[in-house]
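Trainee: Following this message is one structure expressed as structure tokens.
The values are calculated or read from the model by the stated rules, or taken from the named source; none is laboratory data. Computed from a predicted model, the values in this text were never measured in an experiment. Glycine also receives a Cβ, built like all others from the backbone with ideal geometry; neighbour counts cover every protein chain displayed.
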Amino acid sequence: MKITAKTIIATVAAPVLTLLMMTSAVAPKEGYKVGDNARDFSLKNIDGSMVSLANYTPATKGAIVIFTCNHCPVAVAYQDRINALNKKYQPLGYPVVAINSNDFNAVTDDSYENMQKRAKEKGFTFPYLLDETQQIATAYGAMKTPHVYVLQKEGNAFKVKYIGAIDDNKDDAAAVTHKYVETAVNELLDGKPVSQNYTKAIGCGIKWKTASAN
Amino acid sequence: MKQYGTIFGRYYMLKHFILILAIAFVGKVSAQQNVKMVAFDQVKELMNRNTDTTYVINFWATWCNPCVHELPNFLKLDSINKNNKVKVYLVSLDAPKDIETRLKPFVKKKNIQCPVWLLQGPDSWIDNVDSSWDGTIPSTLVINNKLKMRQFTQKELSMEALNNMVSPFVSKNR
């Protein structure tokens, strides 16, 4: 066999690359930092349509991307607050886009059908998308639910401006003293820099698929 | 019951009955005494204690499956290290409203003897435990201020991994 670049690629590089890509999806150690451009996606919404940041018309100034799910009690505690965020900020150009990246084979509560049920029960006013391959959670570096990424539109790009918690009290909405996401979006709407662009929060770890489950 | 037939007998019957009630009551109360609601100040105080005891502080919740899965390892660690100056504290992030309906029944069912502290919000204390912690549970802090030793991890621990984390503290304490 003649050794050309093509043969080298075929015999060495391609298998190596394939092997690298086959490593199981574990919790990402990378992911976005504030200031990074967030990749777009095309994920199935509960109404069957495919939603991307580019084609989602309410996302005129940016988007509040929230990794969330059905089963996690912390995510459940935030459901009404997430809905309220959308009602307030979608008219202002920053709609909520919720993404469920959990392995629904491991957690049946987080299946597509159950997502549809929950959205109907709670009257969700925002897209609730299924990230079946978990690629989007991996790209963003989402670790838990809920986990928020506030994005600001700059031309065709969506830049990460805030990462973290919705507010500072997961259990008691009435006892919240810092509404981190609202403050961040308000500052962006005012053309100001985000004063607190990163916070930490308690949540349920995202349920990653294991290699054997694929 | 013949012995209770007389007046003295009835007195003793009442006395025994009250005694049994008292024991049952104390038993019930003490079973819950290890569970209490705290603010972060108390956790901070624990982390800053300057005794030669090694504190193993596990952050968990009844709703967190990996947390519940690794819990027996902490209970075992606590029981086998009674003479090694190692004390386990279980800091729960369950919702405060669930303390009676969810947390206490869980503690009773699993026969957990260590202190179980239900931590109330606000949630801004996460960095104060460890700057590397992003808030995902389970997570565990092992600390001994007299020995100036400290280890933090934010993942589920097998019995072996937990022992490996704690044994340097124990051997240095000998």
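Trainee: Suppose the filter is among the aliphatic types (A, V, I, L, M), assigned to a strand (DSSP E or B), buried (at least 17 other Cβ atoms within 10 Å of the Cβ) and at negative phi; does A:Leu151 pass it?
Mentor: Answer is yes for this residue.
Trainee: I would also like to ask the following. For residues in region B:115-138 being crowded, with 20+ Cβ neighbours inside 10 Å and farther than 21 Å from A:Ile206 by Cα, which is nearest to the other protein chains (Cβ to nearest Cβ)?
Mentor: In this case the residue turns out to be B:Gly121.
Every residue, every condition in (1) modelled with pLDDT of 95 or more; (2) within 27 Å of B:Ala61 (Cβ to Cβ); (3) more than 14 Å from chain B (Cβ to nearest Cβ); (4) out of contact with any Lys or Arg (no Cβ under 9 Å at 6 or more places or on another chain), yes or no:
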position	(1), (2), (3), (4)
A:Thr138	yes, yes, yes, yes
A:Gly141	yes, yes, no, no
A:Lys144	no, yes, no, yes
A:His147	yes, yes, no, yes
A:Lys153	yes, no, yes, no
A:Phe158	yes, no, yes, no
A:Lys161	yes, no, yes, yes
A:Asp172	no, yes, no, no
A:Ala175	no, yes, no, yes
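Trainee: Output yes when any residue across region A:133-144 is closer than 28 Å to B:Gly121 by Cα and touching a helix residue (DSSP H, G or I) at 6+ places or on another chain (Cβ under 7 Å), and no when none is.
Mentor: no
Trainee: Kindly provide the set of residues from region B:139-166 that are more than 14 Å from chain A (Cβ to nearest Cβ) and charged (D, E, K, R), ordered by number.
Mentor: The answer is B:Lys146, B:Lys148, B:Arg150, B:Glu160.
Trainee: If B:Lys97 satisfies every condition in (1) within 14 Å of chain A (Cβ to nearest Cβ); (2) over 20 Å from the mean Cα position of the chain (by Cα) but one, which is the exception?
Mentor: Of (1) within 14 Å of chain A (Cβ to nearest Cβ); (2) over 20 Å from the mean Cα position of the chain (by Cα), only one is false for B:Lys97: (2).
Trainee: Hey, among the residues in region A:177-197 that are exposed (fewer than 15 other Cβ atoms within 10 Å of the Cβ) and within 14 Å of chain B (Cβ to nearest Cβ), which one's modelled with the highest pLDDT?
Mentor: That would be A:Gln196.
Trainee: Hey, among B:Ile112, B:Ile143, B:Ile80, which residue is among the hydrophobic types (A, V, I, L, M, F, W, C), closer than 24 Å to B:Thr51 by Cβ and loosely packed, with under 15 Cβ neighbours inside 10 Å?
Mentor: Criteria check complete, one pass: B:Ile80.
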